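K.L.:
Okay, handing you the structure first.
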Amino acid sequence: MDYEHKAKAVGDCLMGYKTDESGWKVCKKSNDVVVSWRPSSEFPGNVYKGEGVISGSPEKVWECLKPVPNGMRVKWDNNVKRFELVEQITEHISVCRTVTPSAAMGIIAPRDFVDVILIKQYEDGTISSNATNVSHPSCPPQSGYVRGFNHPCGCICVPISGEPNKTQVFSFFQTDLGGFLPRSVVDSFFPSSMAEFYSNLAKAVKSLKDL
């Protein structure tokens, strides 16, 4: 499998989601975050977009978000139980396995996902993690986990001009959870889960400030 080609394509895809404002419908809104959705062109489900401003420099926000084994993400993100490096492809591209706990009061069983991940930095200081599902010979489906599939997803940290201690964070999720979940369970899970994601990220960034 050409992991590099797939990784670069998902980076372009995510930036396209960020710049294309058409068709998004707001499904959850709070002071801190707006969650929208539109039908996915990748699979028969929805792509969800989160948008919010986090108090903290892009470096601190990225420190909490970056997808690395033993990183901060597994400590604060309730949807990431374990994060394992399967293969380092290049300096900025890796294949990783993410394990998620059961969710929605046990209706959603533990899952695992195998993704190629691209870390991309832009000249304006924007940093993004971009992921999509791949297969890898050393990571077949395992008993005890339903294998799910992430379609192009990730997070984009954008500096805010004149506000060095604030960061605009875009997040995109479009996940085929696999198994036989009713669509209604999936559609109610993602908006609330993404709002919680922003709340927990903000707390994690704040805890960094106190170090």
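The values are calculated or read from the model by the stated rules, or taken from the named source; none is laboratory data. Bear in mind that the values here come from a model prediction, so they are computed numbers and not experimental data. Neighbour counts run over all protein chains shown; Cβ positions are idealised from the backbone, glycine included. To get the accessible areas, we keep the full protein, side chains included, count just its heavy atoms, and leave off ligands, DNA and RNA. Shrake-Rupley method; radii C 1.70, N 1.55, O 1.52, S 1.80 Å.
K.L.:
Starting from the amide H of K28, placed 1.01 Å from N in the peptide plane, find each other amide H under 5 Å away whose residue is 5 or more places distant or on another chain.
P.N.:
The answer is V35.
K.L.:
Could you check what % of the DSSP bridge pairs in segment 103-211 are antiparallel, to the nearest 5? Before the final figure, lay out the partial values.
P.N.:
Details: 23 of 25 bridges.
About 90 percent, rounded to the nearest 5.
K.L.:
Taking K203 as the anchor, which aspartates and glutamates have their alpha carbon closer than 20 Å to its alpha carbon, excluding any fewer than eight residues away along the same chain?
P.N.:
Cα-Cα hits under 20 Å: D32, E51, E59, E63, D77, E163.
K.L.:
Within the accessible area of the chain, what % is carbon and sulfur when the probe is 1.4 Å and the other protein chains stay in place?
P.N.:
Details: 5580 of 10470 Å².
With neighbouring chains kept in place, the figure for the chain is 53 percent.
K.L.:
Further, regarding this structure: Using a 1.4 Å probe, what is the accessible area per residue for the chain, in Å²?
P.N.:
On the way: 10470 Å² over 211 residues.
Value returned for the chain: 50 Å² of accessible area per residue.
K.L.:
If you average the C-alpha positions of segment 41-57 and of segment 90-137 separately, how far apart do those two centres end up, in angstrom?
P.N.:
14 Å
K.L.:
Hey, another quick one. Which of [x] 22.5; [y] 17.1; [z] 11.9 is the computed mean projected area of the Cα convex hull in nm² for the structure on display?
P.N.:
Computed from these coordinates, mean projected area of the Cα convex hull in nm² corresponds to label [z].
K.L.:
What's the longest bit of the chain with no exposed chymotrypsin sites (Phe, Trp or Tyr not before Pro), using DSSP loop states and at most 15 other Cβ atoms within 10 Å as the test?
P.N.:
Numbers: sites that count: Y122, F180.
Maximal segment without exposed cleavage sites: 1-121.
K.L.:
What do you get for Rg/Rh over segment 73-155 if you use C-alpha atoms and the Kirkwood form of Rh? Can you show the working numbers first?
P.N.:
On the way: Rg = 13.7 Å, Rh = 13.7 Å.
The Rg/Rh ratio comes out at 1.00.
K.L.:
Take every DSSP beta bridge with both residues inside the chain and express the antiparallel ones as a percent of the total, to the nearest 5. Numbers along the way, then the final one.
P.N.:
Numbers: 56 of 58 bridges.
So the antiparallel bridges in the chain amount to around 95 percent.
K.L.:
Compute for segment 6-76: radius of gyration divided by Kirkwood radius, i.e. Rg/Rh, restricted to C-alpha atoms, rounded to two decimals.
P.N.:
Numbers: Rg = 14.4 Å, Rh = 14.4 Å.
That ratio is 1.00, to two decimals.
K.L.:
Calculate for the chain the 222 nm mean residue ellipticity that helices alone would give, adding -39,500 (n - 2.57) per DSSP H run of length 4 or more and normalising by residue count, nearest 500 deg cm²/dmol.
P.N.:
Value at 222 nm, helices only: -8500 deg cm²/dmol.
K.L.:
Now for a separate question. Report, to two decimal places, the Cα Rg of segment 1-126 normalised by 2.2 N^0.38 Å (N = number of residues).
P.N.:
Working: Rg = 15.9 Å, N = 126, 2.2 N^0.38 = 13.8 Å.
Cα-based Rg divided by the globular estimate yields 1.15.
K.L.:
Taking a 28 Å limit on the Cα-Cα distance, which of the listed pairs K49/K75; K28/K60; K81/K120; K8/K29 fall beyond it?
P.N.:
Numbers: K49/K75 23 Å; K28/K60 26 Å; K81/K120 24 Å; K8/K29 31 Å.
Correct reply: K8/K29.
K.L.:
Inverting the mean 1/r over all pairs of different Cα atoms, compute the Kirkwood radius of segment 1-44 and quote it in Å. Numbers along the way, then the final one.
P.N.:
Numbers: mean 1/r = 0.0798 Å⁻¹.
Taking the inverse mean of 1/r over all distinct Cα pairs, segment 1-44 comes out at 12.5 Å.
K.L.:
Across 5 Å bins from 0, what is the distribution of all Cα-Cα pair distances for segment 109-197, in whole percents?
P.N.:
For segment 109-197, the binned pair fractions read 3, 12, 17, 20, 17, 13, 9, 6, 3, 1, 0 percent.
K.L.:
Treating the Cα atoms of segment 161-211 as identical point scatterers in vacuum, please give the log10 of the normalised Debye intensity I(q)/I(0) at q = 0.12, 0.16, 0.22, 0.28 Å⁻¹, two decimals.
P.N.:
-0.43, -0.65, -0.91, -1.14
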